[in-house]
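Here, each number is a calculation from the coordinates, and none is a lab measurement. Bear in mind that the values here come from a model prediction, so they are computed numbers and not experimental data. As a convention, Cβ positions derive from the backbone with ideal geometry for all residues, glycine included, and neighbour counts pool all protein chains shown.
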Amino acid sequence: MKKLDKKRRREGKTNYHKRLTLLKSKYLRLVVRKTNKYLILQIVESKRSQDKVLITVSTKELLKYGWPKEKAGSLKSLGAAYLAGLLIGKKSSENSMAILDIGLIPNTKGSRVYAAVNGFSDGGGNIKHNDKIAPAKEKIKKEEFFNKVNEEILK
């Protein structure tokens, strides 16, 4: 049987075996993507292999909640990832189960992805996760302005 020659597979953008497994689960997906400056978190619903984005949060939005503009270069930090997860957890009114979709980001213990998952869970999102994989709370809260932004989000 000949493998399908798909453009996104050739370009290294999509792992179709992983995607198929996620689509078969029938759960909402918490999609975490990294750019050069920000992290983007989305709640995505898939019906008949068509994705519908329900909620999107970028770490750029943290500037509205009191993240210092002079620290805008640190919007990819562990603290920013946690707060973005907290924000999307607060925005997701549904309490339906979600699963994590990290795409081609390497699965690394203590990474920003797991800080975001931890924030999503703390914000009221329903996702299965292991706290042992998440980064330590001290690492997440090391920025001096973290508590101020956290309080603004939780209002």
task: Place a +1 charge on the Cβ of each Lys and Arg in the chain and a -1 charge on the Cβ of each Asp and Glu, then give the dipole magnitude about the Cα centre in debye, rounded to the nearest 20.
output: 980
- prompt: If you stretched the chain out fully between Val53 and Tyr16, how much longer would it get, using 0.36 nm times the residue separation minus the C-alpha to C-alpha distance?
  reply: 11.4 nm
Rounded to whole Hz, the Karplus (6.51, -1.76, 1.60) HN-Hα couplings of the range 71-80, x for glycine and proline: 9, 5, x, 9, 7, 10, 6, 4, x, 5
query: Looking at the range 87-141, which trypsin sites (Lys or Arg not before Pro) are in a loop (DSSP not H, G, I, E or B) and have at most 10 other Cβ atoms within 10 Å?
result: Lys109, Lys132
- request: Name the long-range amide H neighbours of Asn126: under 5 Å, sequence gap of 5 or more, or other chain; modelled H, no Pro or chain starts.
  value: Ala98
- prompt: Longest exposed-loop-site-free stretch of the chain, with GluC sites (Glu not before Pro), DSSP loop and at most 15 other Cβ within 10 Å?
  reply: 12-93
- request: Quick one: work out the % antiparallel among DSSP beta bridges in the chain, nearest 5.
  value: 70
Sequence-distant residues sharing a close amide H with Asp101 (under 5 Å, placed H): Leu30, Val31, Val32
